[in-house]
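The values are calculated or read from the model by the stated rules, or taken from the named source; none is laboratory data. Bear in mind that the values here come from a model prediction, so they are computed numbers and not experimental data. Reconstructed Cβ throughout: ideal geometry from the backbone, glycine too, with neighbour counts over all protein chains shown.
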Amino acid sequence: MRIVLFVPSSSVKDDQPSEWLKQRLDAAISYYQKHLNDICSFVLAGRWSNVTDTYHLTEAEICKRYITNIIPDTLIIKEDLSVETGGNFAFAKPLIASFNPEKVVIFNSQVNAERNKYMANKIFNPVWNKEFIWIDDTFSQNPKAQQKEPKALTMFKKLFKNVTDGDDLEARQILLYKTPFYYKGIINDKDFFDKNWPGGFNDFIDKRLSIANK
C-alpha cells in the first residue's frame with residue numbers, strides 16, 4: 001500500500017523540534033517502522049511561526065533532519081511555505097498527491113484533532129483514505145491551547161465556507177490574498193481578527209502561545 005505520513009509542524013528551538021513536535025515525529029517514525037511492507041513516504045509541513053522572522057532552518061527542514069538521523073534512507077518531501085495550520089494542509093496537498101497515495105496518515109497533538117480533521121476533509125482529496133494519530137502531549141494539556149482551538153476552528157470554517165471539498169487551490173488563494181498570515185502589513189491584522197476570530201483581535205493575541213508553550 002502507498003502511504004503518506006503527513007506531519008504538520010510546530011514550534012522549534014535552537015534547530016531542534018519542540019517536545020510536542022518531537023512526539024509527533026516519533027509517532028510517525030514508529031508507524032513507518034511497523035509498516036515496512038508498505039511504501040511509506042513522509043511529507044513534512046511548516047516554515048516558521050510567521051513570515052517576518054528569519055531563521056537558519058525551516059521547521060520542515062528541522063523535522064527532516066530529525067527523521068533522517070533515525071531512518072536515513074526514507075523518502076521525505078518538505079512543504080516549507082506555510083506558517084499556519086490551514087497552509088500546512090493547503091500547500092502540502094499537491095506534494096502528497098504526487099505520491100498517488102492509497103492512504104494519508106496525519107500526526108498531530110490531541111488538542112488539534114478537530115481542526116486537523118476539518119482541514120483534511122476540506123482540503124485533501126475526498127477519495128483519499130485518511131487515518132489520524134493523536135498525541136496526548138503537554139501542548140494538549142495547556143489551558144490556553146484548549147481555549148484557542150475552537151476559536152481557530154471557527155475562523156477557518158468561516159474562511160473556507162465556500163471552498164468545495166478538495167479544492168486546495170481555492171484554499172491557498174484565500175490564505176495568500178485574504179488573510180494577514182502571508183502578506184504582513186498588507187491586510188490589517190486587527191481588522192481581520194476582529195472580523196473572523198471569536199472574541200476579536202485582543203482575544204487572538206491573548207490565545208497565542210510562545211515557543212515555551214506558555
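Name the residue, out of A171, A152, A113, A120, that is out of contact with any Gly (no Cβ under 8 Å at 6 or more places or on another chain) and touching a residue at least 40 places away in the same chain (Cβ under 8 Å).
A152
Name the pairs whose Cβ atoms lie under 7 Å apart, with the first residue in segment 128-146 and among the β-branched types (V, I, T), the second assigned to a loop (DSSP other than H, G, I, E, B) and buried (at least 17 other Cβ atoms within 10 Å of the Cβ), and 6 or more positions between them or separate chains?
Close Cβ pairs satisfying both conditions: T138/N213.
Residues S9, S82: which one is in contact with a Cys (Cβ under 8 Å, 6 or more places away or on another chain), in contact (Cβ under 8 Å) with a residue 24 or more places away in the chain and among the small types (G, A, S)?
Answer to the selection: S9.
Looking for something among the acidic types (D, E) and touching a Leu at 6+ places or on another chain (Cβ under 9 Å) - is there at least one such residue anywhere in segment 81-98?
Yes, there is a match, as at least one residue in segment 81-98 is among the acidic types (D, E) and touching a Leu at 6+ places or on another chain (Cβ under 9 Å).
For every residue, the table says whether it meets (1) more than 19 Å from the chain's Cα centre (by Cα); (2) under 17 Å from W134 (Cβ atoms).
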| position | (1), (2) |
| --- | --- |
| S11 | no, no |
| Q23 | no, yes |
| L36 | yes, no |
| S41 | no, no |
| L44 | no, no |
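Go through (1) within 16 Å of the chain's Cα centre (by Cα); (2) modelled with pLDDT under 95 one by one and return the number of the condition E131 breaks.
So the condition that E131 fails would be (2).
If you check W128, W197, which single one turns out to be among the hydrophobic types (A, V, I, L, M, F, W, C), surrounded by 12 or more Cβ atoms within 10 Å (Cβ to Cβ) and under 16 Å from E84 (Cβ atoms)?
Working: W128 fails: under 16 Å from E84 (Cβ atoms).
W197 is the lone residue from the list that is among the hydrophobic types (A, V, I, L, M, F, W, C), surrounded by 12 or more Cβ atoms within 10 Å (Cβ to Cβ) and under 16 Å from E84 (Cβ atoms).
I'd like the residue in segment 134-193 that is within 17 Å of the chain's Cα centre (by Cα) and assigned to a strand (DSSP E or B) and, out of all such residues, is surrounded by the most Cβ atoms within 10 Å (Cβ to Cβ).
The residue in question is I135.
Against the definition (at pLDDT 95 or above and more than 17 Å from the chain's Cα centre (by Cα)), how does I71 come out, yes or no? Write out each step before concluding.
On the way: at pLDDT 95 or above: yes; more than 17 Å from the chain's Cα centre (by Cα): yes.
It is true that I71 is at pLDDT 95 or above and more than 17 Å from the chain's Cα centre (by Cα).
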